[in-house]
Amino acid sequence: MPIVSVSMDDSILRSLDDVAQRRRYRSRSEAVREALREFIDVMEWGREDGEASVILAVIYERGNPRADLAMLQHRFDEIRTMLHTHVDEADCLQIFVAEGSTARLKELIAQLRRIKGVKVIKFIQTSLPSWMANEDR
């Protein structure tokens, strides 16, 4: 693994050491690698020509948009699976796992936002960075 030197001020270094210790990283390098992976995910998600995977958690009013959510599964081949559960008497939680082009996944999220009765949409995204796509696995 190549070694990369990074300069930072004392306050950032103290914060890094504090986080690394609290999260029980074996080294500063391990903490920095994880932070860089997250940074790359965020930057790649912004590329319209990129590929990504997302986990979407959608909380919606019970009974209202269920048919609309099911229709999305037929319109978006990117959806790999869906899971439904009841949160309480008034709300349901639908979890989607999807993968495909970032442009198409952003379109899926936009469609979810337009459905009446949807209260909350949270998502975790991860992109395949271009440098990884070119590596032999």
Dipole size in debye (nearest 20) for the chain around its Cα centre, Lys and Arg Cβ +1, Asp and Glu Cβ -1? 340
Using R₀ = 22 Å, calculate the FRET efficiency as 1/(1 + (r/R₀)^6) where r is the Cβ-Cβ separation of ARG23 and ILE55; round to 0.05. 0.55
Among THR81, THR102, what's the order by accessible area (1.4 angstrom probe), most exposed first? THR81, THR102
Students often check this: by mean Cβ neighbours within 10 Å, which of 90-100, 26-36, 8-18 ranks highest, and how do the rest follow? 90-100, 26-36, 8-18
Just subtract the alpha-carbon distance of MET1 and ARG62 from 0.36 nm times their residue separation and send over the number in nm, one decimal. 16.9 nm
Under a plain spin-label model, where a point goes 7 Å from the Cα along Cα-to-Cβ, how far apart in nm are VAL97 and ALA110? 2.7
What is the range 1-123's relative contact order, in percent, from Cα pairs under 8 angstrom and six or more apart in sequence? 29
I need the per residue convex hull volume for the range 1-45, using only the alpha carbons, in cubic angstrom as a whole number. 93
Using only protein heavy atoms and a 1.4 Å probe, report how much of GLU61 is accessible, in Å² to the nearest 10. 70
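The values are calculated or read from the model by the stated rules, or taken from the named source; none is laboratory data. Treat the numbers as computed from the prediction; the structure is a model and nothing was measured. Note that we place each Cβ from the backbone using ideal geometry, even for glycine, and neighbour counts take in every protein chain shown. All accessible areas refer to the heavy atoms of the entire protein, side chains included, with ligands and DNA or RNA removed. Shrake-Rupley method; radii C 1.70, N 1.55, O 1.52, S 1.80 Å.
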